[in-house]
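The values are calculated or read from the model by the stated rules, or taken from the named source; none is laboratory data. Keep in mind it's a predicted model, so treat the numbers as computed, not measured. Reconstructed Cβ throughout: ideal geometry from the backbone, glycine too, with neighbour counts over all protein chains shown.
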Amino acid sequence: MNATYTLLELRRITRDWSGTFFTAVLPAFFYLIFGSTVDAKSATAGNGNVAMYVMISMAAYGAVTATTSIGGHAAVERQQGWGRQLGLTPLADSSYIGMKALIAMTVAAVPILLTFALGAATGAHGSAAAWAFSALLCLVGSAVFAVYGLLVGTAFRSEAAVGAASGSLVIFAFLGNVFVPLSGTMLEIARFTPLYGYVGLARYPLTEGQLSATVSDPLWLLVANVVVWLTVFGTLAVVFVRRGRERQ
């Protein structure tokens, strides 16, 4: 990979203050509102407390917002001629993909670190294993939504569409039991939505799948949700990439 190109890309992204706000600051702000100030923040939640439960949820949401945006813009860049420009350089496709993956993970780490730091400073408590593994799962699992961004970018070839894809994550979050605890029929529906498995896995080191005194998610269900959606996003992205090549 080309370190110079990677650093230039990171600088370009960080100059986008509005994007940085929504990617990093907004999830941390949500945590402060919904996690650190509620009366029940010190109540027990699995291997920690409610504040940590909300902290993980908001960090995961920020991470997928970042990777969706990076993946989508990478696809749009390639289809609007940047790929041909790079083709004039010694940079291989595999290096380009590797750099974009590194950039996506780096940007996704920012809201995770910021939200976890605020959590530690405002009363989020949990076991050491829960802190470490939840942060790792937030970061690794967010890669699924880089593929989602890639799908939208290849399907619509528009930066506006990529922005809409990031916005759609708000809907996925509400439907996926991220912002508001769901129950009954809505919870059953939520289990089939894209964010449910990812956020459930991120919380698993804390909750061990327990949603309430009587309801829990087995680990296999959360893993299956992530694998299925990764397959769906990946397959559709390949279809649209091939369709785009046939038009050229």
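Restricting to the range 200-223, name every residue that is of a type in the set (Gly, Ala, Ser), surrounded by 14 or more Cβ atoms within 10 Å (Cβ to Cβ) and within 17 Å of residue 54 (Cβ to Cβ).
Within the range 200-223, 200, 202 meet the criteria.
Please enumerate the residues belonging to the range 56-70 that are within 11 Å of residue 206 (Cβ to Cβ) and out of contact with any Ser or Thr (no Cβ under 6 Å at 6 or more places or on another chain).
Selection gives 57 alone.
Those residues that are under 14 Å from the mean Cα position of the chain (by Cα) and small (Gly, Ala, Ser), I need them from the range 148-166; list them, please.
149, 165, 166 - these are the residues of the range 148-166 that are under 14 Å from the mean Cα position of the chain (by Cα) and small (Gly, Ala, Ser).
Scanning for something within 13 Å of residue 141 (Cβ to Cβ) and either in contact with a strand residue (DSSP E or B) (Cβ under 9 Å, 6 or more places away or on another chain) or crowded, with 17+ Cβ neighbours inside 10 Å (or both), does the range 180-193 turn up at least one residue?
Looking for residues that are within 13 Å of residue 141 (Cβ to Cβ) and either in contact with a strand residue (DSSP E or B) (Cβ under 9 Å, 6 or more places away or on another chain) or crowded, with 17+ Cβ neighbours inside 10 Å (or both), one finds none in the range 180-193, hence no.
Is there any pair linking a residue in the range 35-49 that is surrounded by 19 or more Cβ atoms within 10 Å (Cβ to Cβ) and in a loop (DSSP other than H, G, I, E, B) to one that is modelled with pLDDT under 85 and not polar (S, T, N, Q), with Cβ under 7 Å and at least six apart or on different chains, and which?
That search, which allows pairs on different chains as well, returns 35/41.
Among the residues of the range 110-124, is there at least one that is over 27 Å from residue 221 (Cβ atoms), among the β-branched types (Val, Ile, Thr), part of a helix (DSSP H, G or I) and in contact (Cβ under 8 Å) with a residue 40 or more places away in the chain?
Within the range 110-124, one or more residues are over 27 Å from residue 221 (Cβ atoms), among the β-branched types (Val, Ile, Thr), part of a helix (DSSP H, G or I) and in contact (Cβ under 8 Å) with a residue 40 or more places away in the chain.
With the condition being aromatic (Phe, Trp, Tyr) and in contact with a Leu (Cβ under 9 Å, 6 or more places away or on another chain), I'd like the helices (runs of 4 or more DSSP H) fully within the range 153-207 carrying at least 1 qualifying residues.
159-175, 194-207
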